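Okay, so here's the structure we're looking at.
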Amino acid sequence: MKSFQARLASAALNCSAAIALLTVVPQPAGAQPGAAQADDVPVEAAPVDDAALIRAAESGDEWLTIGRDYAETRYSPLEEIGTDTVERLGLAWYYDTGSLRGLEATPLVSNGVLYASTSWSNVFAVDARTGEELWRWDAKADRKRGARACCDVVNRGLALYEGKVFVGVIDGRLAALDAATGETVWDVQTTPVDQPYTITGAPRVVDGLVVIGNGGAELGVRGFVSAYDADTGELAWRFYTVPGDPSKPFESPALAAAAKTWTGEWWKYGGGGTAWDAFAYDPEAGLLYVGTGNGSPWDRNVRSPDGGDNLYLSSILALDADTGELVWHYQTTPGDTWDYTAVQQLTLAELEIDGRERKVIMQAPKNGFFYVLDRLTGELLSADPYTKVTWASGVDLRTGRPIETPHARYGEALTTITPGPNGGHNWQPMSYNPDAGLLYIPVSENSFAYGHDPDFEFVPRAWNLGIDLASSFGVDTGAESLPESEYGPGTGESVGVASSLLAWDPVAREPRWRVLHRDETGGGTLTTAGNLVFQGTDAGRFVAYRADTGEKLWEMDLGHGIMAAPSTYLLDGRQYVSVLSGMGGAGGLYGRNPTGQYKASGRLWTFALDADADFEPVRGIEKPPLTAIRHDAAPGQVARGAELYGERCSMCHGINAVSGGTIADLRYATPETYEAFDRIVRQGAYEGLGMPAFSWFTEEDTDALRSFLLTRREALMREQPD
């Protein structure tokens, strides 16, 4: 492994040799509405090399990697926009992306160009001063893969390195694009094409290697992390996160050790453990940190019937960045059975703990506890609830294991547990302000009725959870239910709302302040040396708060849901803040859409002091009126339809057939659609639109599915006023 000093020396040599001139040619169509015209002038191309990435934390001029620096702090030292000036913030320009699905990416900025990704893994580049489009890249993703994405065909961002833009594609590819032109340099398939893998996370570049993970645990895949040569796209190393078939040689000693924590025939279900989002890097230690996901299926009773911790599910892994070998691991949720992934953001910092300076890694995963570990050794330093938690009463710091409550390991009786699968904190990025000593976490308070499905049968490429979905989603199947009060003491603070912005002190191990979001959900965060925290909400508000106290200082209603985290940069002595709006993801698919926008184009918004560009609202389309459609449901048919819907349809069309407007809400489908239901569902009439054909369904299956949807339509009609 190269020393830290050797990496810097090599990177500096590459830097001096790589300076070049690029001419930015505006598109003839002109700027987007609200944007000024860009000057057609040569731009000096400062390279994004190893030295630039290592030193990214030192300057706020550019935003070179998804978390702004290798430590993934999302903290900018810029302070032109601060507590005394933020009230002058105005719209500088905006750019309509044309995307009708969820937008979750953080914009990158280098050399005066802003790069971002949209749904279906498409990429665009615009002039960072004006928003004028420079190029667009169509990933030409396999649209049928949309049905394999648990939480929309989103993409969380890009990576920049030595004149290239790297993007993971929803169908499992990793592509390198020319940063100046958007032309494809290389394109490799990172996942088996015959298995339901997806990629939604941003790549990271570490010492000339492009690191990418994948998703698909709900559909029965085995997780892994891969590293590819940035120049050629050749595979350098791969680390599997769970062991495979024990009748075959294990890929590493780490997996041989992990296999001892599994029982049954887990490999037939895939195992899960997909690393679909979180990465961080310590260049001095040469350690790449990876967060891993839930098991496949969720219910451990299915995948590992005789128990076991099931390494390396729901874990933080420290890998040798050069070889991919495991150095240490910590499992946040042993034997996970609740979908408590640990793929949420990993943040590195140096903290004084008990009078000693510690190099730490911090995470607020789904399970509701905030973790601080020594990032060199994996030693657990603290673990405290940051939201309401009822599955565990705490974490034993001596053993590092959670103290589970009596009914956490649910049986066939429905048991309401907090957090639910949405987690106390999901993918929406937190940020860390070293000046204030605080992390800003988009927190969720939610519960879910878990229950083991006694009739579960594994179905390849389906949503295999092992839980009683129909009962959990409210269909009366006669399942017994245990009230929340019966399953023992939990821990953490209940604030009685779905979402909040929490300022967490990792040294004092307690909240410093909290902003409640009533009837809305907060997106990712950005914090700055101007003592500010920026966050948008799915109700379309973009807000700036004081980082030390949480006081709201500025707000603009954009009228379009925001999930993504903002970024900030400096050009010509002027600071800008950019954020993407566009509802989708799990919230947009599963019913969240406070703005009511339906099929509205996603947009990139950019703000600056004293800017006054014209504001034009985002406009969607009206949903069609509801009319009654006659149907006769046989006994048990609706329950069967609910089961099929949960396994095959809910990932795209929303849980319990309640869509947030990202794609079709099937309750509003026209009578003509229901007349053609069999042709659409079984024969693939809409495959070109991303609706796969379920050719193995029987006519009885489609009839049951149709009856369930029409029952949901009738319920909606009863709820609406005359």
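The table for this structure:
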read-out	value
Flag for Q575 being more than 23 Å from the chain's Cα centre (by Cα), of a type in the set (S, T, N, Q) and modelled with pLDDT of 95 or more	yes
Residue among G424, G394, G411, G378 that alone is in contact (Cβ under 8 Å) with a residue 24 or more places away in the chain, in a loop (DSSP other than H, G, I, E, B) and more than 24 Å from G67 (Cβ to Cβ)	G411
Among residues of the range 263-285, those that are in contact with a helix residue (DSSP H, G or I) (Cβ under 8 Å, 6 or more places away or on another chain) and among the small types (G, A, S), counted	5
Positions within the range 377-400 being among the charged types (D, E, K, R) and under 26 Å from the mean Cα position of the chain (by Cα), in sequence order	D384, K388
Meets criteria (under 25 Å from D336 (Cα atoms) and part of a loop (DSSP other than H, G, I, E, B)) for E218	no
Residue list for the range 419-447, filter: more than 15 Å from the chain's Cα centre (by Cα), within 20 Å of G561 (Cβ to Cβ) and at pLDDT below 95	E445, N446
Residues (among the hydrophobic types (A, V, I, L, M, F, W, C) and either more than 13 Å from V290 (Cβ to Cβ) or not in a strand (DSSP E or B) (or both)) located in the range 312-343	L313, A321, W338, A342, V343
Residues being assigned to a loop (DSSP other than H, G, I, E, B) and of a type in the set (A, V, I, L, M, F, W, C) - total across the range 356-367	1
Residue within the range 378-401 that is among the aliphatic types (A, V, I, L, M), out of contact with any His (no Cβ under 7 Å at 6 or more places or on another chain) and at pLDDT below 95 present	no
The one condition in (1) within 22 Å of L100 (Cα to Cα); (2) within 29 Å of the chain's Cα centre (by Cα); (3) of a type outside the set (G, A, S) that T670 fails to fulfil	(2)
Any hit, the range 271-289, residues being surrounded by fewer than 24 Cβ atoms within 10 Å (Cβ to Cβ) and small (G, A, S)	yes
Residue satisfying all of: in the range 221-246; among the polar types (S, T, N, Q) and either outside any strand (DSSP E or B) or at pLDDT below 95 (or both); nearest to A275 (Cα to Cα) among these	T241
Residue check for Y330: touching a strand residue (DSSP E or B) at 6+ places or on another chain (Cβ under 9 Å) and at pLDDT 95 or above	yes
Tally, over the range 251-287, of residues that are on the phi < 0 side of the Ramachandran plot and assigned to a strand (DSSP E or B)	5
Any hit, the range 411-418, residues being over 28 Å from L516 (Cα atoms), of a type in the set (A, V, I, L, M, F, W, C) and in the same structural domain as I467 (by TED's automatic domain parsing)	yes
Residue in the range 661-669 that is touching a residue at least 12 places away in the same chain (Cβ under 8 Å) and on the phi > 0 side of the Ramachandran plot present	yes
Failed item in (1) under 26 Å from Y281 (Cβ atoms); (2) part of a loop (DSSP other than H, G, I, E, B), with F370 passing the rest	(2)
Test result for P617, assigned to a loop (DSSP other than H, G, I, E, B) and under 30 Å from L570 (Cα atoms)	yes
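Results for (1) among the acidic types (D, E); (2) within 15 Å of the chain's Cα centre (by Cα), shown as yes or no for each residue.
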{"site": "G90", "(1), (2)": "no, no"}
{"site": "W93", "(1), (2)": "no, no"}
{"site": "D96", "(1), (2)": "yes, no"}
{"site": "G102", "(1), (2)": "no, yes"}
{"site": "T106", "(1), (2)": "no, yes"}
{"site": "V113", "(1), (2)": "no, no"}
{"site": "V126", "(1), (2)": "no, no"}
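The values are calculated or read from the model by the stated rules, or taken from the named source; none is laboratory data. As the structure is a prediction and not an experimental result, all values here were calculated from the model. A quick note on method: Cβ atoms are made from the backbone with ideal geometry, for glycine too, and the neighbour counts reach across all protein chains shown.
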